[in-house]
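As structure tokens, the structure follows; a few thoughts come after it.
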Amino acid sequence: MTLALAVVLGLLAGIVAGLFGVGGGILFVPTLVALGLGQVEAEATSLAAILPTVLAGTWRQARYDNVRWRPALVLGVVSVAGVGLGALVALSLPEHVLRKLFAVLLIAVAGQIAWRARAG
Amino acid sequence: MKLALIGLVAGFMSALFGVGGGIVVVPLLILLLAYRPHVATATSLAAIGITALAGTITYALHGDVHPAYAALVGLPAAFGATAGATLQQRIGGRMLSFLFAGFLVVIAISLLVR
């Protein structure tokens with residue numbers, strides 16, 4: 001992968017992040033792997049890349065008065081604890097089965113959101 | 001209380017399934033706490049900042065973070081996120097919900113084929 005392509009994919013990841021309120025790791029990780037990093041290093045480096053991404057996105061959203069700061073603080077801090085728990089459980093369960101279950105759950109949630117938007 | 005539960009579930013699932021917390025937090029804020037989609041996504045971004053900071057520090061202590069590569073994709077992404085957030089303001093709440101639902105389906109498919 002060329003550096004120019006990595007920059008373009010980074011830009012794209014940022015647009016998705018700003019638009020949908022995610023970190024962008026879904027595009028960062030494969031990009032970093034394609035640049036030659038190992039899976040763990042790519043995931044670690046992706047977390048670091050998420051920092052400027054969400055900082056810029058949050059800054060912009062704050063100007064539109066869309067950020068609820070206290071809930072964000074609670075969500076962020078508690079979710080760090082959740083990561084610790086998840087990491088413990090992940091070691092003892094078959095990963096591919098869980099991933100497929102989660103995918104089905106996401107589709108159900110997507111349907112629920114679309115249904116509510118349609119009705120509301 | 002619901003907020004704490006959402007945060008816990010988001011962190012738990014992201015560690016378990018290798019996905020970011022955002023795709024869990026945003027739908028739960030919309031469905032459980034009736035956040036408007038714009039507010040849900042903006043609040044999620046701020047929350048991810050905390051989680052990603054904790055994760056980055058943990059991995060950096062093990063020497064797994066490559067700062068130059070992080071900057072290579074992360075700095076363009078900062079511009080992209082600014083653009084994405086600006087673009088989002090031009091979209092209505094209902095349209096944003098539909099787009100987000102579509103985004104979830106794309107993620108789900110990528111998990112299924114992996």
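The values are calculated or read from the model by the stated rules, or taken from the named source; none is laboratory data. These numbers were taken from a predicted model, which means no experiment stands behind them. Reconstructed Cβ throughout: ideal geometry from the backbone, glycine too, with neighbour counts over all protein chains shown.
Annotations
- For the stretch A:16-55, the tally of residues that are of a type in the set (A, V, I, L, M, F, W, C), crowded, with 20+ Cβ neighbours inside 10 Å and outside any helix (DSSP H, G or I) stands at 1.
- Residue satisfying condition, being within 28 Å of A:GLY84 (Cβ to Cβ) and hydrophobic (A, V, I, L, M, F, W, C), within set B:ALA81, B:ALA68: B:ALA81
- Checked against the criterion of being within 19 Å of B:HIS38 (Cβ to Cβ) and either at pLDDT 90 or above or more than 7 Å from chain B (Cβ to nearest Cβ) (or both), the candidates A:GLY57, A:GLY36 yield just one match: A:GLY57.
- Those residues of the stretch B:98-113 which are more than 14 Å from A:VAL16 (Cα to Cα) and within 7 Å of another protein chain (Cβ to nearest Cβ), in sequence order: B:PHE98, B:VAL105, B:ALA108, B:LEU111, B:LEU112
- Enumeration of residues in the stretch B:9-34 that are closer than 20 Å to A:ARG99 by Cβ, free of Cβ contacts under 8 Å to residues at least 60 places away in the same chain and among the aliphatic types (A, V, I, L, M): B:VAL9, B:ALA10, B:MET13, B:ALA15, B:LEU16, B:VAL24, B:VAL25, B:LEU28
- Residue in the stretch A:86-101 that is surrounded by 24 or more Cβ atoms within 10 Å (Cβ to Cβ) and at the interface with chain B (Cβ under 7 Å from one of its Cβ atoms) present: no
Yes or no, residue by residue, for (1) without any contact (Cβ under 8 Å) to a residue 24 or more places away in the chain; (2) of a type outside the set (A, V, I, L, M); (3) more than 7 Å from chain A (Cβ to nearest Cβ); (4) touching a Pro at 6+ places or on another chain (Cβ under 6 Å):
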| position | (1), (2), (3), (4) |
| --- | --- |
| B:ARG36 | no, yes, yes, no |
| B:ILE50 | yes, no, no, no |
| B:THR56 | yes, yes, no, no |
| B:TYR69 | yes, yes, no, no |
| B:ALA83 | yes, no, no, no |
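- Checklist (1) surrounded by fewer than 20 Cβ atoms within 10 Å (Cβ to Cβ); (2) at pLDDT 95 or above applied to A:VAL67, failing item: (1)
- Qualifying residue in the stretch A:30-49 (condition: touching a residue at least 12 places away in the same chain (Cβ under 8 Å) and under 23 Å from B:ALA4 (Cβ atoms)): yes
- Candidates A:LEU27, A:LEU11 - the one that is more than 7 Å from chain B (Cβ to nearest Cβ) and either touching a helix residue (DSSP H, G or I) at 6+ places or on another chain (Cβ under 9 Å) or charged (D, E, K, R) (or both): A:LEU27
- Every condition in (1) of a type outside the set (Val, Ile, Thr); (2) surrounded by fewer than 21 Cβ atoms within 10 Å (Cβ to Cβ); (3) within 22 Å of A:VAL80 (Cβ to Cβ) is met by B:LEU99 except one, and the failing one is (3).
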